[in-house]
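Enquirer: What follows is a structure written as structure tokens; I'll ask about it next.
The values are calculated or read from the model by the stated rules, or taken from the named source; none is laboratory data. As the structure is a prediction and not an experimental result, all values here were calculated from the model. So basically every Cβ, Gly included, is an ideal-geometry build from the backbone, and we count neighbours across all protein chains shown. Side chains are part of the model used for accessible areas, which takes the heavy atoms of the whole protein and leaves out ligands, DNA and RNA. Shrake-Rupley method; radii C 1.70, N 1.55, O 1.52, S 1.80 Å.
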Amino acid sequence: LVGRIGYSPTEHFDLGASLHHGTYNRYKLDEFTIDAQRSLTITAFDWEFSSAQIDVVGEYALSAIDIPSSLQGLFAEHQRGVYLQVNYRFGNGWIKMLPRSRFVAVVRIDAVDFDTNIDGDAHNRISVGVNFRPTNDTAFKLDYHRDAIFSRVNVLERAAGVNFSVASYF
């Protein structure tokens, strides 16, 4: 079962709720039942606001995983994550040879908890960057990020990095 319901009270604002539910394991082999049927449920809520120069987008998701009792404590039964991103568009047509080009300043916050039943096993990140879009469907992205990574036993590790990527959508 997979679906999404969206609500747009204005042309600039969209809210959505999604659900994915189904069996994730192989529980039959030929005519033999080899395991119980185990399910995975993912529930998500998303939002998007767009104006002439600013976009605010994000999503919050929860998962519930049916884990065999012998593996409980080793594998997560519940996970969650959230992100919030703000885009600011500027510099439209600054490059005369690419009149549809623009730049986008981006700030993004991510938080993922890989096991909600324990402290730790989580990854948080804040990113700032700039994208160059020669067309709507192509982006050159450069960003700097700071990370807080919590191990399964809740030991904090800090990290930072620079990413460069290219994306083209067709």
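Enquirer: Any chance you could look up the accessible area of Ile126 with a 1.4 Å probe, heavy atoms only, rounded to 10 Å²?
Expert: Taking all protein chains as shown, Ile126 has close to 80 Å².
Enquirer: Same structure again: What does the accessible area of His145 come to, in Å² to the nearest 10, when a probe of 1.4 Å is used?
Expert: Solvent-accessible area, nearest 10 Å²: 20 Å².
Enquirer: How would Trp94, Trp47 rank on accessible area, largest to smallest, probe 1.4 Å?
Expert: Ranked from most to least accessible, the order is Trp94, Trp47.
Enquirer: Once you keep just the Cα pairs under 8 angstrom separated by 6 or more residues, what percentage relative contact order results for the chain?
Expert: Relative contact order here is 12 percent.
Enquirer: Answer rounded, prolate or oblate for the stretch 90-157, using the Cα gyration tensor with square roots of eigenvalues a ≥ b ≥ c: rounded when a/c is under 1.5, else prolate when a/b is larger than b/c, else oblate.
Expert: Since a/c reaches 1.5 and a/b is larger than b/c, the shape of the stretch 90-157 is classed as prolate.
Enquirer: What accessible area per residue comes out for the stretch 2-78, rounded to a whole number of Å², with a 1.4 Å probe?
Expert: Accessible area per residue, the stretch 2-78: 68 Å².
Enquirer: With every protein chain present, what accessible area does Glu48 have (1.4 Å probe, heavy atoms only), rounded to the nearest 10 Å²?
Expert: The accessible area of Glu48 comes to roughly 90 Å².
Enquirer: How large a share of the accessible area of the stretch 37-170, in percent, is made up of carbon and sulfur atoms when the probe is 1.4 Å and the other protein chains stay in place?
Expert: 61
Enquirer: In debye, nearest 20: dipole of the chain around its Cα centre with unit charges on the Cβ of K, R (+) and D, E (-)?
Expert: The calculated dipole for the chain is roughly 840 debye.
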